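Novice: There's a structure below that I have some questions on.
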Amino acid sequence: MNDQARNNPSRRRALKVAATGVGTLAAAAWLRYARAQSRRIVIRDDGGVYNRAYNAVFYKPFTEKTGIECLGAQANAEPIAQIRSMVETRNYTWDMAKISQPAILLLTQGGKVYLDKHQLENDPAVRSIPAHFMSPYGVGTNVYSTVLAYRTDAFKGRKAPNSWADFWNLKDFPGRRALRKHPFDTLEEASMAAGVPAASLYPLDIDRALAHLDKIKPGIDVWWNSGAQVEQMLKSGEVDMLATWVSRPQSAIADGAPVAIVWNQNLWGLDSWAILAGTPQAQACREFIKFSSDPKRMAALTGYLPAGVTQPEAFRYIRADVARNCPSHADNIGNGVQINARYWLDNQAAVTERFNAWILQ
């Protein structure tokens, strides 16, 4: 037993309980106690380039400044089920998570709330984040977009597509096409291609969207399911144009692929920092959120990827050529439409069923 445990009666009692193994409740109590004493937070992120960027710009510098160890846990899917399980069992693999607006709604609606309110609205480091990037349970940290992307070599010497109507125009814009095999984004794209103004997109007219998808269905060569698949198709030239999350063509461009991005009519959403309800590290999480919301620190992310920074002041510290490729740049958001998280929360099951039935026709 070390000197700290020997001189700390409460710690000796906790160690004794853990060592004897006297039942699940005692063990759980010990785990919570040890977690509270550890000065460590674990944060779920998207992995890949995001994890590398966050480790360099957020996690390590936060640990150096505060002495609180900060670790990123990679998870690629929306971790709603995992978060519910952690909160219900009080067994916290993560203390907070970077998650989307629909995920926040799913975790805070109904009888049980699985996230803590951050209570940082008036904090000097956070209050300059625009209100549309904030909620009581989430502090906006990243804007992501779905865009039209195309191979420039496929359109050399001829007009390239610049809208979803162009993507749907098989006659004037021939080429191999790919769409996401999911109603999210795909139905919005079909609606805009059919002429629905961005301001009138929601609630979606599902009949109209599916009818317009009927017109292009024979011309879709690939229905994709993953971002990795998209990136590979762009690099190999398997398709000439597709709808995709912007990070994928950006990655392909960084690797030398002849790819262009169309920001016109992009669909954008928001990722936020969210604290798991009941975590013993809630206050340390709040300190991390304040730390990571600094405009200069957000700007530093663009050394790794064209991040969708949520602090407007961050653009003062980002090179103009880099800023133009950030999803949250004023021109890009101005040419896009925000994904309606509430609509998808209320309609996801029914719309997904109809879309899947349409795919099988």
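Novice: Taking segment 258-285 only, how many residues are part of a loop (DSSP other than H, G, I, E, B) and hydrophobic (A, V, I, L, M, F, W, C)? Quick ask: steps written out before the conclusion?
Specialist: First, the residues of segment 258-285 that are part of a loop (DSSP other than H, G, I, E, B): 258, 277-281.
Okay, now just the ones that are also hydrophobic (A, V, I, L, M, F, W, C), so 277.
Counting residues in segment 258-285 that are part of a loop (DSSP other than H, G, I, E, B) and hydrophobic (A, V, I, L, M, F, W, C) gives 1.
Novice: Tell me which residues, restricted to segment 222-241, are assigned to a loop (DSSP other than H, G, I, E, B) and at negative phi.
Specialist: Matches in segment 222-241: Asn225, Ser226, Glu238, Val239, Asp240.
Novice: Does Ile318 satisfy the condition of being more than 27 Å from Arg40 (Cα to Cα), buried (at least 22 other Cβ atoms within 10 Å of the Cβ) and in contact with a Leu (Cβ under 6 Å, 6 or more places away or on another chain)?
Specialist: no
Novice: Just one of (1) over 24 Å from Ala307 (Cα atoms); (2) surrounded by fewer than 20 Cβ atoms within 10 Å (Cβ to Cβ) trips up Pro258, so point out which.
Specialist: Answer for Pro258: the failing condition is (1).
Novice: On to the next question. Which of (1) open to solvent by 20 Å² or more (accessible area, probe 1.4 Å); (2) touching a Pro at 6+ places or on another chain (Cβ under 7 Å); (3) not in a loop (DSSP other than H, G, I, E, B) is the odd one out, the single condition Asn325 does not satisfy?
Specialist: (3)
Results for (1) touching an Asp or Glu at 6+ places or on another chain (Cβ under 9 Å); (2) farther than 18 Å from Ala350 by Cα, shown as yes or no for each residue.
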| residue | (1), (2) |
| --- | --- |
| Arg177 | yes, yes |
| Pro183 | no, no |
| Thr186 | no, no |
| Glu189 | no, yes |
| Ala193 | yes, yes |
| Val196 | yes, yes |
| Ile206 | no, no |
| Ile216 | no, yes |
| Ile220 | no, yes |
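Novice: Another question about this same structure. If you check Gly303, Gly308, which single one turns out to be of a type outside the set (S, T, N, Q) and either more than 26 Å from Ala149 (Cα to Cα) or open to solvent by less than 30 Å² (accessible area, probe 1.4 Å) (or both)?
Specialist: Gly308
Novice: Only one of these conditions is not met by Gly237: (1) in contact with an Asp or Glu (Cβ under 8 Å, 6 or more places away or on another chain); (2) surrounded by 15 or more Cβ atoms within 10 Å (Cβ to Cβ); (3) over 30 Å from Cys70 (Cβ atoms). Which number is it?
Specialist: Just one mismatch for Gly237, condition (2).
Novice: Is it true that some residue in segment 268-276 is open to solvent by less than 10 Å² (accessible area, probe 1.4 Å) and within 30 Å of Ala154 (Cβ to Cβ)?
Specialist: Yes, segment 268-276 has at least one match.
The values are calculated or read from the model by the stated rules, or taken from the named source; none is laboratory data. Keep in mind that what you see is a predicted model, and the values were worked out from it rather than measured. In this analysis, Cβ positions are derived from the backbone assuming ideal geometry, glycine residues included, and neighbour counts consider all displayed protein chains. With ligands, DNA and RNA removed, areas are computed over all heavy atoms of the protein, side chains included. Shrake-Rupley method; radii C 1.70, N 1.55, O 1.52, S 1.80 Å.
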